[in-house]
Amino acid sequence: MDIILNRNNNNDIKVNIEHKIRRHSNTFDWGTLNEGALDLSLNILNKFCDELTRERLYKKFATDIIADIPYGGAVLKENDIQSWIFSNIHFNIESKLDTYIVAVYKEETSENVLHFIPASNEIEAIITACESKFETERIKALTNEYLNDYNGITEYYQSKGVYFSDPVINIPLEKKDG
């Protein structure tokens, strides 16, 4: 779906997406980096990617795309939005994030999945890997509750039939010449 943004001379804004996420403003805006532009960015990305990706990228999307839209509006092509997401998917707002490798086994589905999780600590990596849907607020709440309690988070997930490996930081191997 293309995103159509239109503003007339009376400053009436018309867009073809719903304002479902109201975090910064009650109105959309573009051509600037204000609260309305951030909300527009959140709601556009909400149409095209999962919550974790949306939360990681919306400020960059606002800076790269939304701030450059002319006052009168524009049409953002679906392919262009998806290409931008793909090109920026590994962008981390916090440069101090490491990528952890965590294996997760779920009894309910008998699935064993290897996850590569950008996180600031091991507990956050475990929680993010163990959650079946990347619900940012739930991950934050669990991370705060179990921040320094590895045994507690282990017991919590084992009671749900979810088991995980110790997280390992993924360190890319350097290419050696010769």
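The values are calculated or read from the model by the stated rules, or taken from the named source; none is laboratory data. Keep in mind it's a predicted model, so treat the numbers as computed, not measured. Quick reminder, even Gly has a Cβ in these numbers, built from the backbone with ideal geometry, and neighbours come from all protein chains shown.
Overview of results
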item: Residues of the stretch 12-63 satisfying the condition of being within 19 Å of Ser83 (Cβ to Cβ) and touching a Ser or Thr at 6+ places or on another chain (Cβ under 6 Å); result: Tyr58, Phe61, Ala62
item: Meets criteria (in a loop (DSSP other than H, G, I, E, B) and more than 18 Å from the chain's Cα centre (by Cα)) for Tyr105; result: no
item: Exclusive hit being within 17 Å of Met1 (Cβ to Cβ) and of a type outside the set (D, E, K, R), set Ile13, Ile65; result: Ile65
item: Which numbered condition Glu78 fails, given (1) touching an Asp or Glu at 6+ places or on another chain (Cβ under 8 Å); (2) modelled with pLDDT under 90; result: (2)
item: Contacts under 7 angstrom Cβ, first residue in the stretch 20-31 being in contact (Cβ under 8 Å) with a residue 12 or more places away in the chain, partner assigned to a loop (DSSP other than H, G, I, E, B) and not aromatic (Phe, Trp, Tyr), 6 or more apart; result: Phe28/His19; Trp30/Ile69; Gly31/Ile69; Gly31/Pro70
item: Unique match (being more than 30 Å from Val162 (Cα to Cα), surrounded by 18 or more Cβ atoms within 10 Å (Cβ to Cβ) and not assigned by TED's automatic domain parsing to the domain that holds Tyr163) among Leu57, Leu33, Leu38; result: Leu38
item: Residue in the stretch 64-78 that is within 26 Å of Ile127 (Cβ to Cβ) and not charged (D, E, K, R) present; result: no
item: Residue pairs meeting the criteria (Cβ under 7 Å; at least 6 apart or on separate chains; first modelled with pLDDT of 90 or more, in the stretch 56-72; second among the polar types (S, T, N, Q) and in a helix (DSSP H, G or I)); result: Phe61/Ser41; Ala62/Ser41; Ile66/Ser41
item: Identity of the residue in the stretch 144-160, over 13 Å from Val104 (Cβ atoms) and part of a loop (DSSP other than H, G, I, E, B), that ends up modelled with the highest pLDDT; result: Ser159
item: Answer residue from the stretch 41-54, given it is buried (at least 20 other Cβ atoms within 10 Å of the Cβ) and among the polar types (S, T, N, Q) and is nearest to Asp29 (Cα to Cα) among those; result: Ser41
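This table checks each residue for (1) at pLDDT below 85; (2) over 23 Å from Ile21 (Cβ atoms).
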site	(1), (2)
Tyr105	no, yes
Val113	no, yes
Asn121	yes, yes
Ala125	yes, yes
Thr128	yes, no
Phe134	yes, no
Ile139	yes, no
Leu142	yes, no
Val162	no, yes
